[in-house]
Amino acid sequence: MRFTLLWLMFFRLGLILMIVMMHGGAANAAQTPVTLDADQFTYDNQKTIVQATGNVKITQLNQTLYADKIIYNVNDDFAYAEGNVVLEDGNGDTHYAETLELNDQMREGVVQGIFSVLEDDSRLWAAKAVRESPEKHVLKDARYTPCKACTDNPDKTPPWALRASEVTHDKEDARISYDNVRFEAWGVPVAYAPYFSHPDGTVTQKSGFLTPELGFGSDDGFHFMMPYYWAISPSIDATIGVKAFSKSAPQLNLELRKRYENAAYTVQTSGIYSDRTDSVNGNDITIDEELRGHIDAEALWNINRKWRAGAEIYLASDEQYLDQYDIDDEDVLENRIYVERFDKRDYASVQLLAFQDLRLDEDVDQPNALPLANMNFMGAPNSALGGRFEWDTSFLSLYREGNEQDMNRASSEIEWQRQDVLPLGLVTETSLAVRGDAYYTTDRDIAKTRANEDENQFDNRVIPTAHLEVAYPLQKQLSASQIRVKPRISLTARPDIDNDSDIPNEDSQDAQIDYLNLFEADRFPGLDRVEDRSRVNYGVETGYYNDQGDEFTAGLGQSFRFDDEDNPFLNGSGFEQQSSDIVGQMGASFNDHRHNMNYRFQIDGRHMNAERHEFYGGTKINRTTLSAIYLYEKGSAGTEFTESREQVQASARYSINDNWGINASALYDLGEDEGLRQSIAGVSYDDDCFGITAEFQRDLQRDATGASDTNVLLRFRLKNLGEFETTAYDGGSDNDNNDDDETDILRQ
């Protein structure tokens, strides 16, 4: 929600003076060779005047000056050029002028009738450029536009331009000042500023006001803020702003930055006195005005080439604050203090972690990790029996406030890995590993419900693992395409591990089958639970690829446990049966990625019922672009999600012509609580130098989330000036159509 004001572009306009005036000076000119070519040279010995006429060309370094005539009076130290005067500065900018005058060893000069074509196809006009001294340059009646529409006809009125009656660059004060600045749209003045000034770019820091911010939201009404940048010292600065709302008290915003030789920190914080909607026992209630705010701080210290330390602090006063004021949409805020060591293939870290859960109606007691330590040592390839060793060691201490369960865990694993390609084309990956875990748990949850259980408990276990994967990739070359088929099978063997022991499950609760983790030796996301005994995983991958870049890929697989007893996976994971659910994925891309889709599915291995579907697809046909995302996940009894979840998101854009377009999108919940969740509609115009977007967004969620709101977006894009938006809403996701991120949006 920001825009860059008009004077930022005139900064560049003022700097061009130094190029147009040839920035020479006699001292510099004497040190740099100059080449002069012309059809005719004459010299008046009595008046000491040198005159070059006809295709005059002067070259110095990477700059070249062309003219029909150049006259130089040695005694008066006066140079004059006229007729098709052109200066090519070597940086891609070309400057045209009617006449050029220089005197006093090029310290002073005047250029009449300037027209410049800059490296980015921008255009600059000025009636006169005056170099009053080496420290002071002035442009008279200056005009600037970045629009390419003026390429063939410089006199054509551009879609927009900036005009100033006078632009002065004072190098001694390191400032550029402007008089009577107008912003013109198709030749009509629409904005005006009588005077302003700013640093010329040679100053690394300068205090002053920054880009204003203007916005509107249905909850807080209109808001406005003009931040102030404070250059405290060369190594520390701050940005301070007070955001005024039409419907609530003002909000204070502060960002502080400090840099040392090998370290730096940044602190962002805000505060406001306002009311909010909270959730109590599933009901939305209004809480009267209270002090609210947030802090987001980061610090990093590069101790040496191998060690670094840092801290990340992120806290909010309540669950709604960040969403309500468009600061962030994170569900869980992470705070950590850490130290890390990097050495070739080895890595070690120690972290202190604390979390703030902002999700509504989530009865989750987030523990703090005080500390979490990890060490990983990896040997070189082929350094041990044709493979290599890897050693992982970790220590975790989870702490909860009050008389709640705390856990301490030490774990260490050593693994040998090897890959072979056999003469028949079989590719094998072998790993042998052994892991040892030790747990000490205090204030155990089970002791609160069972009188004969100890509050504190020590447990340990040793887990050996053997894992072998065999693949047989096949390829068939056709005339203009190829087909690839890759059958895969893996075998994992472990002894019987007592997963029903007193070891708590803190990090292995969210296990779910997926084609990507099907062949892994460890399919639990953490260490607390172990997939014991033996199993076999089998599947096949196939793909079709043609020479035009089109492709279609598919994969299908399943897992089978040799023993049906003591399955460690919970209901809903897809692994809870002896034969796991069948998982697969399909992807396609055609016509240079104009048409693409990605589909992943999970099917009950016994009854062939659908458990999960995820689909993302997009197509572009002529001027129409369509995309859709669909998610279905079946509920599972005895889990947190007993009800099925089903959502669909569709979007469309139609380009009326090369400049105009319309777009719309909607997110609809098809689950138990069916209804529209979000709708967007907009129209836009865009060309090489100008763009405007008008968009309406309606979020239909509970008020207690802080995200239920109506926003109207007006975005103006002016090339080289930036954007002006009337709301913080960014118009969509920044995930570049990543299908994993798209489906995650629907899960939230």
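The values are calculated or read from the model by the stated rules, or taken from the named source; none is laboratory data. Computed from a predicted model, the values in this text were never measured in an experiment. Neighbour counts are summed over all protein chains in view; Cβ atoms, including those assigned to glycine, are modelled from backbone coordinates with ideal geometry.
Going through the range 164-185 one residue at a time, which ones are in a loop (DSSP other than H, G, I, E, B) and either of a type in the set (A, V, I, L, M, F, W, C) or under 21 Å from Pro146 (Cα atoms) (or both)? Ala174, the sole residue that qualifies.
Quick check: anything in the range 590-612 out of contact with any helix residue (DSSP H, G or I) (no Cβ under 7 Å at 6 or more places or on another chain), aromatic (Phe, Trp, Tyr) and not in a strand (DSSP E or B)? Steps first, answer last, please.
So in the range 590-612, the residues out of contact with any helix residue (DSSP H, G or I) (no Cβ under 7 Å at 6 or more places or on another chain) come out as 590-597, 599-612.
Filter once more, so that each one left must be aromatic (Phe, Trp, Tyr): 590, 599, 601.
After this cut, where a residue has to be not in a strand (DSSP E or B) as well, the list is none.
Looking through the range 590-612, none of the residues is out of contact with any helix residue (DSSP H, G or I) (no Cβ under 7 Å at 6 or more places or on another chain), aromatic (Phe, Trp, Tyr) and not in a strand (DSSP E or B).
Looking only at residues in the range 548-584 that are of a type in the set (Gly, Ala, Ser) and in a loop (DSSP other than H, G, I, E, B), which one is modelled with the lowest pLDDT?
Narrowing the range 548-584 to residues of a type in the set (Gly, Ala, Ser): 549, 554-555, 557, 559, 572-574, 579-580, 584.
Those still in the list that are in a loop (DSSP other than H, G, I, E, B) too: 549, 572-574, 580.
On the way: Gly549: 89, Gly572: 82, Ser573: 87, Gly574: 88, Ser580: 93.
Result: Gly572.
Take the conditions (1) surrounded by fewer than 16 Cβ atoms within 10 Å (Cβ to Cβ); (2) closer than 30 Å to Thr642 by Cβ; (3) among the polar types (S, T, N, Q); Gln548 misses just one of them, which is (2). Contact annotation: residue pairs with Cβ atoms under 8 Å, 6 or more positions apart or on different chains, pairing a residue in the range 560-573 that is on the phi > 0 side of the Ramachandran plot and surrounded by 20 or more Cβ atoms within 10 Å (Cβ to Cβ) with a partner that is in a loop (DSSP other than H, G, I, E, B) and modelled with pLDDT of 85 or more, are Gly572/Gln512. Selection of first residues in the range 517-543 that are β-branched (Val, Ile, Thr) and of second residues that are in a loop (DSSP other than H, G, I, E, B) and modelled with pLDDT under 90, restricted to Cβ pairs under 7 Å at least 6 apart or on distinct chains, gives the following pairs, ordered by first then second residue: Val530/Ile497; Val530/Asn499; Val530/Pro568. Applying the criterion of at least 2 residues that are of a type in the set (Phe, Trp, Tyr) to the strands (runs of 3 or more DSSP E) found wholly in the range 186-261 leaves 188-199, 221-225, 228-233. For the subset of the range 71-88 comprising residues that are of a type in the set (Val, Ile, Thr) and under 17 Å from Gly113 (Cα atoms), which member is surrounded by the fewest Cβ atoms within 10 Å (Cβ to Cβ)? Checked the range 71-88; the qualifying residue surrounded by the fewest Cβ atoms within 10 Å (Cβ to Cβ) is Val86. Look at the range 135-147: where a residue is among the acidic types (Asp, Glu) and a partner is part of a loop (DSSP other than H, G, I, E, B) and modelled with pLDDT under 85, sitting 6+ places away or on another chain with Cβ atoms under 9 Å, you get Glu135/Lys171; Glu135/Glu172; Glu135/Asp173.
Here Asn622 fulfils each of the conditions (1) exposed (fewer than 15 other Cβ atoms within 10 Å of the Cβ); (2) within 30 Å of Ile503 (Cα to Cα) apart from (2). Scanning the range 451-466 for residues that are assigned to a loop (DSSP other than H, G, I, E, B) and not acidic (Asp, Glu) returns Ala451, Asn452, Asn456. Contact map, the range 689-718: first residue within 30 Å of Asp120 (Cα to Cα) and at pLDDT 75 or above, second residue assigned to a loop (DSSP other than H, G, I, E, B) and among the small types (Gly, Ala, Ser), Cβ cut-off under 7 Å, separation 6 or more or different chains; pairs are Glu695/Gly731.
Out of everything in the range 418-448 that is acidic (Asp, Glu) and under 18 Å from Asp528 (Cα atoms), what residue ends up being surrounded by the most Cβ atoms within 10 Å (Cβ to Cβ)? Applying the filter and picking the extreme gives Asp437.
Among the residues of the range 60-70, those identified as surrounded by 16 or more Cβ atoms within 10 Å (Cβ to Cβ) and of a type outside the set (D, E, K, R) are Gln60, Gln63, Thr64, Leu65, Tyr66, Ala67, Ile70. For the range 449-479: of the residues being charged (D, E, K, R) and surrounded by 11 or more Cβ atoms within 10 Å (Cβ to Cβ), which is modelled with the lowest pLDDT? Only one residue fits best here, namely Glu453. Of everything in the range 369-395 that is in contact (Cβ under 8 Å) with a residue 12 or more places away in the chain and outside any strand (DSSP E or B), the residue that is surrounded by the most Cβ atoms within 10 Å (Cβ to Cβ) is Gly379. If the condition is being closer than 18 Å to Arg717 by Cβ and at pLDDT 90 or above, then the range 658-683 contributes Trp660, Gly661, Ile662, Asn663, Gly682, Val683.
Step by step: first the residues of the range 493-511, then only those that are of a type in the set (A, V, I, L, M, F, W, C) and in a loop (DSSP other than H, G, I, E, B), then the one that is nearest to Ala447 (Cα to Cα). Which residue is that?
Step one: list which residues in the range 493-511 are of a type in the set (A, V, I, L, M, F, W, C), which gives 493, 497, 503, 511.
Cutting the leftovers down to in a loop (DSSP other than H, G, I, E, B) gives us 497, 503, 511.
Numbers: Ile497: 23, Ile503: 13, Ala511: 26 Å.
It comes out as Ile503.
When each of Asp278, Asp288 is tested for being surrounded by fewer than 16 Cβ atoms within 10 Å (Cβ to Cβ), at pLDDT below 95 and part of a strand (DSSP E or B), the lone residue that passes is Asp288. As a summary of the residue check, Asp121 satisfies the conditions (1) surrounded by fewer than 20 Cβ atoms within 10 Å (Cβ to Cβ); (2) in contact with a strand residue (DSSP E or B) (Cβ under 9 Å, 6 or more places away or on another chain) except for the one numbered (2).
Looking at the range 590-610, which of its residues are surrounded by 12 or more Cβ atoms within 10 Å (Cβ to Cβ) and under 27 Å from the mean Cα position of the chain (by Cα)? Explain how you work it out, then say what you get.
Step one: of the range 590-610, the residues surrounded by 12 or more Cβ atoms within 10 Å (Cβ to Cβ) are 590-591, 593-605, 610.
Selection gives His593, Arg594, His595, Asn596, Met597, Asn598, Tyr599, Arg600.
Modelled with pLDDT of 90 or more, out of contact with any Gly (no Cβ under 9 Å at 6 or more places or on another chain) and either crowded, with 17+ Cβ neighbours inside 10 Å or not hydroxyl-bearing (Ser, Thr, Tyr) (or both), is that true of Gly24? For Gly24, the condition - modelled with pLDDT of 90 or more, out of contact with any Gly (no Cβ under 9 Å at 6 or more places or on another chain) and either crowded, with 17+ Cβ neighbours inside 10 Å or not hydroxyl-bearing (Ser, Thr, Tyr) (or both) - is not met.
Does Arg345 meet the test of being assigned by TED's automatic domain parsing to the domain that holds Ala249, surrounded by 15 or more Cβ atoms within 10 Å (Cβ to Cβ) and without any contact (Cβ under 8 Å) to a residue 60 or more places away in the chain? Answer is no for this residue.
Output the residues belonging to the range 268-292 that are closer than 13 Å to Leu252 by Cβ and touching a helix residue (DSSP H, G or I) at 6+ places or on another chain (Cβ under 7 Å). Answer for the range 268-292, where residues must be closer than 13 Å to Leu252 by Cβ and touching a helix residue (DSSP H, G or I) at 6+ places or on another chain (Cβ under 7 Å): just Arg292.
Check whether at least one residue in the range 150-163 is at pLDDT 85 or above and in a strand (DSSP E or B), and report yes or no.
If we filter the range 150-163 for residues that are at pLDDT 85 or above, which is where we start, we get 163.
Remaining after also requiring in a strand (DSSP E or B): 163.
Yes: one or more hits.
The number of residues in the range 238-270 being at pLDDT 95 or above, buried (at least 17 other Cβ atoms within 10 Å of the Cβ) and of a type in the set (D, E, K, R) comes to 1. For beta carbons closer than 8 Å, sequence separation of 6+ or different chains, a first residue in the range 301-318 that is of a type in the set (A, V, I, L, M) and a second that is assigned to a loop (DSSP other than H, G, I, E, B), the qualifying pairs are Ile303/Asn262; Ala309/Ile303; Ala316/Leu358.
Given the criteria hydrophobic (A, V, I, L, M, F, W, C) and at positive phi, does Leu333 qualify?
no
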